[in-house]
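The structure appears right after this line, and notes come after that.
The values are calculated or read from the model by the stated rules, or taken from the named source; none is laboratory data. Source: prediction; values computed, not measured. So basically every Cβ, Gly included, is an ideal-geometry build from the backbone, and we count neighbours across all protein chains shown.
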Amino acid sequence: MHLLIAAAGSGSRMGADRNKLLLNVAGKTVLEWTLKAAFDSKTITWIGIIGQPKDKNSICSIFDDSSKSVEWINGGLTRQQSVQMGLAALPNDAKYVLIHDGARCLVRSCVFDEISKIVSKGQAVIAASQVTDTIKKVDKDGEIIESPPRSHLWSAQTPQGFPVDKLKHAHSEAIAKGWNVTDDASLFERLGLPVKIFDAGPSNIKVTTPFDLVIAESLLSTSQD
């Protein structure tokens, strides 16, 4: 299975002076934890890391001694552009691909494997967790319009798995029609293509804020005890 890791994040919301994936958490960088799960996966055989050129040396030093094939890919100005560049860099024999945010460093290797099994059957699938809070939809003035039934609400995560040809087509449509989305599953939704949910649990958070870093530190430290 081929895996693309989006690693072009900044440290703005983290209040950091560097790419948040290079911040330390429980003795390793955020990206090292993400890569550890990918390296431990039984199904991942090729990994492409999509990042900004200024971070290339720092990031490449992390996987210098990897036993799996890992390649650096220059990213774009947005996540969507970066994924497009990652897709263009896939080996010619890639039929299926997983897309994962490098900032989701709490992902478990078994999640990569389960997503791989599902997508290998030709089904697009995303990791997600069921919403437990009551969600409020509000208008432009901040007044509540409705409370959607949470039994039908899921929080989208990564990895997300897709047949390569369909995902490339979806990104081509996005370019042609000027679509801007925050995850690849949204492109499938706009094209009316089915996407399956895989329950990865609530711990698969994206490290974005200092609070997230504290949570990740606690959970990763505990897992090593």
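Details
- The residues of the range 34-62 that are farther than 15 Å from Leu3 by Cα and among the hydrophobic types (A, V, I, L, M, F, W, C), listed by number, are Ile59, Cys60, Ile62.
- A residue that is modelled with pLDDT of 95 or more, within 23 Å of Ala8 (Cα to Cα) and hydroxyl-bearing (Ser, Thr, Tyr) occurs somewhere in the range 108-123.
- Set Ala124, Ala185: member being surrounded by 15 or more Cβ atoms within 10 Å (Cβ to Cβ), in contact with a helix residue (DSSP H, G or I) (Cβ under 6 Å, 6 or more places away or on another chain) and more than 30 Å from Ala26 (Cα to Cα): Ala124
- Check on Ser221, free of Cβ contacts under 8 Å to residues at least 60 places away in the same chain and either surrounded by 19 or more Cβ atoms within 10 Å (Cβ to Cβ) or not in a loop (DSSP other than H, G, I, E, B) (or both): no
- Ser147 falls short on exactly one of the conditions (1) surrounded by 13 or more Cβ atoms within 10 Å (Cβ to Cβ); (2) touching a Lys or Arg at 6+ places or on another chain (Cβ under 9 Å); (3) farther than 24 Å from Ala89 by Cβ; (4) of a type in the set (Ser, Thr, Tyr), and that condition is (1).
- Only one of Ala156, Ala176 that is in contact with a helix residue (DSSP H, G or I) (Cβ under 9 Å, 6 or more places away or on another chain) and of a type outside the set (Val, Ile, Thr): Ala156
- Restricting attention to the range 64-89 and to residues that are among the hydrophobic types (A, V, I, L, M, F, W, C) and out of contact with any helix residue (DSSP H, G or I) (no Cβ under 6 Å at 6 or more places or on another chain), the residue that is modelled with the lowest pLDDT turns out to be Leu77.
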